[in-house]
Amino acid sequence: MRMCDFTKISRAALALACVFAFGVGHVDATPESRAAANFLLYQPSARSAGLGDAAVAIADDANATFFNPAALADDQVRSLSTTFYKPVPSLANDIFTSFGSYTQPMKGLGNFGISLIYTSLGTQFRTGEQGEELGEFTSFGIALGVSYGAHITRSISLGITTKLIHENLAAQGAGDEAGSGTGTSFAGDLGFLWKPGNRFSLGWALRNVGPNMTFIDADQSDPLPVNFTIGFGYKILRRESYSLLFTTDVYKPLADEGFGSFISGWTDGSGDEELKDIDYHVGIEWAYNLSDVSAFALRGGYSYDQDGNRKTPTFGLGLKYDWATFDISYFANSNAAVRNVFRFSGGFSF
């Protein structure tokens with residue numbers, strides 16, 4: 001990862017950036033470890049987390065701005081969603097990520113949304129070439145997105161998100177380097193959703209397509225964490241008072257050199273390596289209506305990430321009352337970096 005070249009001034013920032021691919025130790029084996037702005041990979045919804053991180057075909061609220069902007073087409077009311085959690089509490093307790101989004105339906109024109117991601121990478125210690133302490137600084141990443149989704153037929157919708165991305169790893173470069181530890185870029189997401197009825201949905205999303213992010217100079221720029229996800233959702237049972245939903249996602253990282261990594265990322269390794277890169281997510285949700293305006297849901301899932309060494313069952317609980325929802329999830333991973341991760345999110349519709 002070329003981004004690591006400038007970090008002689010902050011070995012802490014270097015380690016954090018390299019681990020940030022998914023908060024695990026085997027970063028050399030993951031395409032995400034080659035990318036900048038890995039905070040874009042931290043998913044916001046506690047509902048999806050309880051379902052093994054599967055959401056591309058079932059997103060049904062303001063979180064669709066992240067998972068699949070095409071799903072915004074089905075959102076007929078204004079909605080607000082917020083999430084806050086510590087993604088790697090066992091590794092670095094001062095790292096946290098937060099997400100907020102708002103959607104506004106436009107009658108006859110589809111649905112617009114805005115979103116904001118802010119991730120604190122914690123406090124770092126800057127040192128000189130001889131190891132002397134030169135002060136502290138805070139590393140962070142931020143992304144502002146604008147989304148739009150609309151139906152092109154009764155059952156098919158498309159969506160797009162454009163985002164401005166800024167990452168601040170260090171306040172300045174090392175020695176006489178002209179650049180600093182900050183980089184800015186832009187990217188786009190493209191989403192598709194097919195819902196032929198009220199029980200089955202199929203969706204895909206291509207995320208974070210954009211030019212490399214430059215911290216020092218163009219020769220040391222890093223690709224964005226481009227990825228492609230496809231999945232489906234199916235309501236196995238649908239009754240008046242309860243329902244049972246099954247969903248699954250297949251995720252493929254595509255981080256490679258340059259804007260065209262969403263194409264070249266499919267074949268930049270051997271066949272075995274490309275298959276090893278693929279992650280699988282599956283979940284099931286039982287939802288029960290307590291009344292006309294209240295409900296609760298129990299969730300379980302499994303997330304399988306072979307090259308990132310993240311193979312974990314997930315659990316979740318959801319509560320809804322009138323216009324408000326609250327979700328919590330738990331990752332029971334045995335990996336030292338990402339075990340015991342709780343995720344909380346809330347939402348409002350009005």
- Query: In nanometres, what is the gap between the two model label sites at Asn289 and Val146, each 7 Å from Cα along Cα-to-Cβ?
  - Reply: 3.8
- Task: Show the residues, 5+ positions off or on another chain, whose built amide H is closer than 5 Å to the amide H of Ser90.
- Result: Arg339
- Estimated inter-spin distance, Met106 and Thr184, nm [label 7 Å along Cα→Cβ]: 2.6
- Note on the structure: Note on the chain: alpha-carbon gyration tensor, axes a ≥ b ≥ c; rule is a/c under 1.5 for rounded, else prolate if a/b larger than b/c, else oblate; result prolate
- Message: Just to check I understand the Karplus step: with θ = phi - 60° and J = 6.51 cos²θ - 1.76 cosθ + 1.60, what whole-Hz values come out for segment 73-85, glycine and proline as x?
- Response: 4, 8, 8, 9, 10, 5, 9, 9, 9, 9, 9, 8, 6
- Query: What ranking do 235-246, 300-311 get when scored by the average of other Cβ atoms within 10 Å per residue, highest first?
  - Reply: 300-311, 235-246
- Each residue of segment 48-62 in order: what ³J(HN,Hα) in whole Hz does its phi give by Karplus 6.51 cos²θ - 1.76 cosθ + 1.60, θ = phi - 60°, with x for Gly and Pro? 5, 5, x, 9, x, 6, 9, 7, 5, 9, 10, 4, 9, 9, 5
- Each label point is 7 Å from the Cα along the Cα-to-Cβ direction; what then is the distance between the points at Phe84 and Phe342, in nm? 1.3
- Additional length obtainable on full extension of the chain from Gln306 to Ile160, 0.36 nm per residue less Cα span: 49.6 nm
- Please give the peptides 196-205, 287-296 ranked by average Cβ packing (other Cβ atoms within 10 Å per residue), highest first, as a rough proxy for protection. 196-205, 287-296
- Take a quick pass over the chain and tell me how many lysine pairs come in under 17 angstrom between Cα atoms, counting only ones 8 or more apart or on separate chains. 4
- Task: Go ahead and estimate [θ] at 222 nm for the chain from helices alone: -39,500 (n - 2.57) per DSSP H run with n ≥ 4, summed, over the residue count, rounded to 500.
- Result: -2000 deg cm²/dmol
- Could you order peptides 207-217, 49-59 by the average number of other Cβ atoms within 10 Å of their residues, highest first? 49-59, 207-217
- Roughly how many Å² is the accessible area per residue of the chain, as a whole number, for a 1.4 Å probe? 44
- Query: Tell me, what % of the accessible area of the chain is carbon and sulfur with a 1.4 angstrom probe?
  - Reply: 60
- Residue list for segment 304-322, given a label point 7 angstrom along the Cα-to-Cβ vector of Tyr234 and an amide N cut-off under 20 Å: 304
- Item | Extension reserve of the Phe200-Leu244 stretch, reckoned as 0.36 nm per residue once the Cα distance is removed | 14.6 nm
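The values are calculated or read from the model by the stated rules, or taken from the named source; none is laboratory data. Because the structure is a prediction, the values reported are computed rather than measured. Please note: Cβ atoms are built from the backbone with ideal geometry, for glycine as well, and neighbour counts cover all protein chains shown. SASA here: full protein model, heavy atoms, side chains in, ligands and nucleic acids out. Shrake-Rupley method; radii C 1.70, N 1.55, O 1.52, S 1.80 Å.
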